[in-house]
Amino acid sequence: MALVPGFQGVSLAQDTAPAAAPLKAAPGRPAQPVPIPLAPEVKGNRPKSDPTVLPPAATELEPGLRPLASPPSLALPTRPAQVKIQQLRPLGLREVETLAETNNPSLKAVASRVDQARSTLRAQISAWYPSINLSTGAFPALTNNYRFSYDADATGPFATPESRTKGQTLGANMNIGINWDLINPQRVPQISAARDQFEQAQNQYLIALRDLRLQAAQNYFNLQLADEGVRIGQESVRASLVSLKDARARFQAGVSTKLEVLQAETQLARDQQLLTNSLAEQSVARRALASLLDLPQDVTPTAKEPARVVGTWMPSLQESIVAAYAFREELDQVILQISIANSNANAAIGAVQPFLSIVNNFGWDRSNGRNGVPVDLPINMGSYTYGVDNSIGLNLSWNLFDGGRAAARYRQQKQAAEEQRFNFAERRDQIRLEVETSFYLLLQNNRDITTTSRSVISSREALRLARLRFQAGVTTQREVVDSQRDLTQAEVSYARAVTDYNRRLAELRRRTGLDQVAFCQPPTLPSSKPATDLTTQIPIEPQPLLPACQSEVRTPDGRGPLSP
């Protein structure tokens, strides 16, 4: 990672833009504060989502990235060979953002919730239209019946004390009902609430897209930091091997003690531990990025770009805060929640208001056969009955008394709207704190880059001089070990400062909605490879991984573990 000497730190007590002019008051009068408008005056009572304030998400991959398309959502590996890593794919920051926007399942789930909210809104709008119902009781139906009656009080010459009849009919009937609400006090507020919920879903998608881009950038910066840790660990191990080689040579020559050899071995073990930790962090960072991008199960991403400063934040602190208030959809979400609570309140009170609807029922029936035919006579199925009827009218429904339930629900929703107003104030203050925190930390990281870069340069020179002094016999191995440890710590601090700076820059872009970043010019590299010191280019031999039981430290007599 190349050092960036052109960045100069600024004081944390001020921002990069000139401060606003102070308020001037007339002689003898106190300065009047600038009035702050209310949010509904600026954004409206029901703000609509504006996708144009954010670059749209990628919907398809470039030809070179298509092999990295996400696997099916319900795919589940069942064999170890299916999850074995077969490919290490180098990726840049832009490619990572494209893959995240296209593959990430969380963003797809949020987009699905937008479609669900749209369908819910369409279902509520249907209340403006009439409903038509078709029902059939028998279509067709064959009915057989047998009747037996006996009248014990029958008198007269023509009286029949008992009678038996039968019947058989084959018929069908149909009914068509039309219901159209002319007056429905709950219809408009319910549609308004569904519309606001749809706008909330769209805003939530924009919020999720911003968060995903921030998370993708941060995971990529974490991977770059892990790569730098591996590089620093490797350089430290090589330097320790050189120091150990020199210490052993001097000990064999009789010009140094065993203590210096032990100090060099201790430093080598410390640097090997640093390299081991860095390799583990690198593996975890790669898989974390692969999980975010939802890559195929046999692909692991690597960082194609080295860790370096991305750019400079151009807006001032005040401009960043105002932009955050204007672009952050979280504030619109709270305003929409206030509107939803008011709509729910109107829908609740509408339950005790009159409902008026127009109703039309059309009926048709036909049957063949006849009932009540004596049992000794045949049934003529050729005879039939046919009927059509239609009725139209108005239905009025009015719940005159419900025990105060509607009024209580109305008050509850109004109180919920008041709660959301307090939540708006809390969210507004939180947004400002987030922007200010990222801004001040960005200034801190800017200064850290300058100081740690000087520390790296000084530590490198100090290590070079310490080795020369040790080889000349005018110093001890302790000075070399200390100088080497200082260099390792300085390089780690520099890498962390660059990564933290890039993180804060990504946070400001997410938290303000601005993209005003002056990107750094790439360094000009020579066409020829710089000469390397062959004495420091020592190969690092792989160390076998022993079981933990065989690696624990034991007492000098070997009888048990070494207690602290």
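Every number in this text was worked out from the coordinates using simple rules, so none of it is lab data. Predicted, not measured: the structure shown is a model, and the values here were computed from it. Positions of Cβ are backbone-derived with ideal geometry, glycine not excepted, and every protein chain shown enters the neighbour counts.
The packing ranking of peptides 292-299, 177-184, highest mean first, is 292-299, 177-184, where packing means the average number of other beta carbon atoms within 10 angstrom of each residue.
Length available on full extension from residue 468 to residue 375: 0.36 nm per residue minus the Cα-Cα distance, which gives 20.5 nm. Of the peptides 494-507, 413-426, 259-272, the order by per-residue mean of other Cβ atoms within 10 Å, starting with the highest, comes out as 494-507, 259-272, 413-426. Computed from point charges on the beta carbon alone (+1 for Lys and Arg, -1 for Asp and Glu), the dipole magnitude for the stretch 169-314 about its Cα centre is near 420 Debye. Over the stretch 108-261, Cα pairs under 8 Å with separation of 6+ residues give a relative contact order of 26 percent.
Remark: 251, 139 ranked as 139, 251, counting other beta-carbon atoms within 10 Å and listing the fewest first.
Sequence-ordered 3J(HN,Hα) estimates for the stretch 228-237 from the Karplus curve with 6.51, -1.76 and 1.60 and θ = phi - 60° stand at 5, x, 5, 4, 5, x, 5, 5, 5, 5 Hz, glycine and proline given as x.
Each residue in 313, 128, 364, 398 was given a count of other beta-carbon atoms within 10 angstrom of its own, and listing them fewest first yields 398, 128, 364, 313. Rounded to the nearest Hz, the phi-derived 3J(HN,Hα) couplings of the stretch 106-118 under the Karplus curve 6.51 cos²θ - 1.76 cosθ + 1.60 (θ = phi - 60°) are 5, 5, 5, 5, 5, 4, 5, 5, 5, 5, 5, 5, 5, where x marks glycine and proline.
Look at the dipole of the stretch 179-295 built from charges on Cβ: of 224, 184, 197, the Cα furthest out on the positive end belongs to 224. Which entries in 84/245; 48/304; 43/414 show an alpha-carbon gap greater than 29 Å? Cα-Cα > 29 Å for 84/245; 48/304; rest within. Given +1 at the Cβ of Lys and Arg, -1 at the Cβ of Asp and Glu and no other charges, the dipole of the stretch 121-252 around its Cα centre is 780 debye to the nearest 20. 3J(HN,Hα) along the stretch 185-191: x, 8, 5, 5, x, 5, 5 Hz, from the Karplus curve 6.51 cos²θ - 1.76 cosθ + 1.60 with θ = phi - 60°, whole Hz, x for Gly and Pro.
Along the axis of the charge dipole computed for the stretch 383-483 (Cβ charges of +1 for Lys and Arg, -1 for Asp and Glu, origin at the Cα centre), the listed residues 392, 475, 406 are led at the positive end by 475. Each of 111, 81, 56 was scored by the projection of its Cα onto the charge dipole of the stretch 41-170, and the greatest displacement toward the positive side belongs to 81; charges sit on the C-beta of Lys, Arg, Asp and Glu. Dipole size of the stretch 71-116 about its Cα centre, with +1 on Lys/Arg Cβ and -1 on Asp/Glu Cβ: approximately 240 debye, rounded to the nearest 20. Report, as a whole number in µm² per second, the diffusion coefficient that Stokes-Einstein gives for the stretch 263-371 at 25 °C and 0.890 mPa s using the Kirkwood radius over alpha carbon pairs. D, rounded to a whole number, is 104 µm²/s. Here the stretch 57-122 and the stretch 367-429 have alpha carbon centers that stand 46 Å from each other. Counted by neighbouring Cβ atoms within 10 Å, the residues 148, 198 run from fewest to most as 148, 198.
For the peptides 474-484, 399-409, 37-47, the ranking by packing is 474-484, 37-47, 399-409, with the highest mean count of neighbouring Cβ atoms within 10 Å listed first.
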